[in-house]
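Before any comments, here is the structure.
The values are calculated or read from the model by the stated rules, or taken from the named source; none is laboratory data. Computed from a predicted structure; not experimentally measured. No Cβ is skipped: glycine too gets one built from the backbone with ideal geometry, and neighbour counts run over all protein chains shown.
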Amino acid sequence: MNNELRKIPSTQRLISEKRIEQLTRVYPRSLILELIHRRLDSVRLSITGGKQCPSLDEITESVCSDVHLLLQSSLRPVINATGVILQTNLGRAPLSQDAIAAMGNISQGYSNLEYELGTAIRGSRHSHVEQLLQLLTGAEAALVVNNNASAILLVLTALAKKKETIISRSQSVEIGDGFRIPDIMRQSGTKLVEVGTTNCTYLADYENAVTTRTAALMRVHPSNFKITGFTSSVELVDMVNLARKHDLPVFDDMGSGCFLDTAQFGLEPEETVAQSVTAGAAVTLFSGDKLLGGPQAGIIVGQKKYIDKLKKHPLTRATRIDKIRLAGLIATLIHYLKGEAVHKIPIWRMIATPLEEIEKRAITWSVPFEGVAQIVDGETMIGGGSLPGIKLPTKLLAIGKVRRNENPHIARDLSIKLRCSDIPILGRIADDILLLDPRTVLPEEDKLVIEALKSTNGSARSEESPDSK
Ligand SMILES: *Cc1c(COP(=O)(O)O)cnc(C)c1O
């Protein structure tokens, strides 16, 4: 047997170590034993991999930190200074104060989630948002489910199963993380009929594909890419007119689902949900946590006869939204109805922040880094599978070596330190320069950023590489 393996302490030896023994008085002994076993397994594995056995003290320390790490949630807030407003990896849209309060309020006790207070009979959870969505989009009816992916699955299963759904080849896309339109179509049991070519699809392509087996025409927003050059696509209203001739519905997956005129912020105009409804889509689908700026949800608005069918489908139950997110979504929709979305919803506040204000904040952030920091022009991305490639001008705090003899790793070292602060701060590195974008940071978080930057300063400069002297 490997000599190092013999050095591994026994479980009994470890549990009688004072620091671990103390833990067993606070937490269940069985939990501590399990974590000791897991730690010893990993020690064994590393020894087989050629490593030496750590000391008893080191193993004890590891077990204690395993216990502490486990008992604090690994899911925690971070500060997003990456310059991408909507990032799926960072939890997409931060919520408004009203939405957060509504979610807290409704989770505290019981609610009339499915109970009609007036008549004391069973109600529907969908009733709480339907009217809001009708007023905001002009649609006859609405339904909210877990997320947009489940909305697509539900619509295709309930309305197109065992039949054919026609889609332009340029829209048969991968949304991200392996989520692909052709796969979800297969999953739902509808047959995908791709028409046109990657860059060009004409109305005649759809027309030629319609048969007695057709269930619907579908449009999918190319959320995360852009085809430029020689291209041609069909307007939604023309798809609707063609579909009507054959008494067929059009499903419109808008992806992000925008309620505001994006041109007012200097962005490229983005079709709104109301425009999709007006154009005559049978159902329009979008996410709650992209440009809407609410919690995760899949929202379906459209014609009553189709929404009614969806409401009765078993998948609606399987994909239903919980009361907490429903409360947050309602509060978010109310911001739009009150005309205060731009001031109250964080992502719209970020988009609408004037450049001068961002520059001021970047300057305040830069104070601890005099000499190694600069304010530079940059671009904020909307991201999150919405407004592909659309960027807003911004001002970035850029930290990195300025002089040739300086530590070339300032940016990397600093970015690691910021990532490991109490509330991790995330930026991006380009050409050995750390870039921090104030636009994607909530102004309320500035104090935390400044504190974290202050506490890392000095260290960024004192770690100058020896050869730079
Ligand atoms: C983001 C996106 C989806 C998936 O939405 P989720 O809410 O993440 O499930 C579907 N379709 C399009 C076009 C999207 O952009």
> Hey, among 242, 260, which residue is closer than 19 Å to residue 211 by Cβ and either more than 16 Å from the ligand (Cβ to nearest atom) or not in a loop (DSSP other than H, G, I, E, B) (or both)?
Replying inline: 242
> Scanning the stretch 201-231 for residues that are hydroxyl-bearing (Ser, Thr, Tyr) and at pLDDT below 90, which turns out surrounded by the fewest Cβ atoms within 10 Å (Cβ to Cβ)?
Replying inline: 228
> Which one of the conditions (1) modelled with pLDDT of 95 or more; (2) within 16 Å of the ligand (Cβ to nearest atom); (3) not hydrophobic (A, V, I, L, M, F, W, C) does residue 278 fail to meet, given that it meets all the rest?
Replying inline: (2)
>> Restricting to the stretch 291-326, and then to whatever is in a helix (DSSP H, G or I) and within 19 Å of the chain's Cα centre (by Cα), can you tell me which residue is nearest to the ligand (Cβ to nearest atom)?
In response: 325
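Applying the selection to the stretch 312-342, what residues are farther than 19 Å from residue 253 by Cβ and touching a strand residue (DSSP E or B) at 6+ places or on another chain (Cβ under 8 Å)?
320, 326
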>> If the requirement is being β-branched (Val, Ile, Thr) and within 16 Å of the ligand (Cβ to nearest atom), which of these qualifies: 364, 284?
In response: 284
> Among the residues of the stretch 180-222, which ones are of a type in the set (Asp, Glu) and either within 16 Å of the ligand (Cβ to nearest atom) or not assigned by TED's automatic domain parsing to the domain that holds residue 162 (or both)?
Replying inline: 183
>> I need a count of the residues in the stretch 143-179 that are within 11 Å of the ligand (Cβ to nearest atom), under 30 Å from residue 327 (Cα atoms) and either surrounded by 24 or more Cβ atoms within 10 Å (Cβ to Cβ) or not small (Gly, Ala, Ser) (or both).
In response: 10
> Which is under 30 Å from residue 411 (Cα atoms) and either touching a residue at least 60 places away in the same chain (Cβ under 8 Å) or surrounded by 12 or more Cβ atoms within 10 Å (Cβ to Cβ) (or both), of 67, 78?
Replying inline: 78
>> Given the criteria modelled with pLDDT of 95 or more and touching a strand residue (DSSP E or B) at 6+ places or on another chain (Cβ under 9 Å), does residue 358 qualify?
In response: yes
> Could you say which residue among 101, 142 is closer than 19 Å to residue 308 by Cβ, under 26 Å from the mean Cα position of the chain (by Cα) and in contact (Cβ under 8 Å) with a residue 40 or more places away in the chain?
Replying inline: 142
>> For the stretch 47-64, give me each residue that is surrounded by fewer than 17 Cβ atoms within 10 Å (Cβ to Cβ) and assigned to a loop (DSSP other than H, G, I, E, B).
In response: 49, 50, 51, 52, 55
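Where residues in the stretch 331-351 are surrounded by 19 or more Cβ atoms within 10 Å (Cβ to Cβ) and of a type in the set (A, V, I, L, M, F, W, C), which of them is nearest to the chain's Cα centre (by Cα)?
Start the filter on the stretch 331-351 by keeping residues that are surrounded by 19 or more Cβ atoms within 10 Å (Cβ to Cβ), which leaves 331-333, 335-336, 341, 344-348, 350-351.
In the following step, the residues that additionally are of a type in the set (A, V, I, L, M, F, W, C) were identified as 331, 333, 341, 345, 347-348, 350-351.
Working: 331: 19, 333: 19, 341: 19, 345: 15, 347: 12, 348: 15, 350: 16, 351: 17 Å.
By that ranking, first place goes to 347.
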> In the stretch 32-74, how many residues are at pLDDT 95 or above, within 35 Å of the chain's Cα centre (by Cα) and more than 20 Å from residue 16 (Cβ to Cβ)?
Replying inline: 1
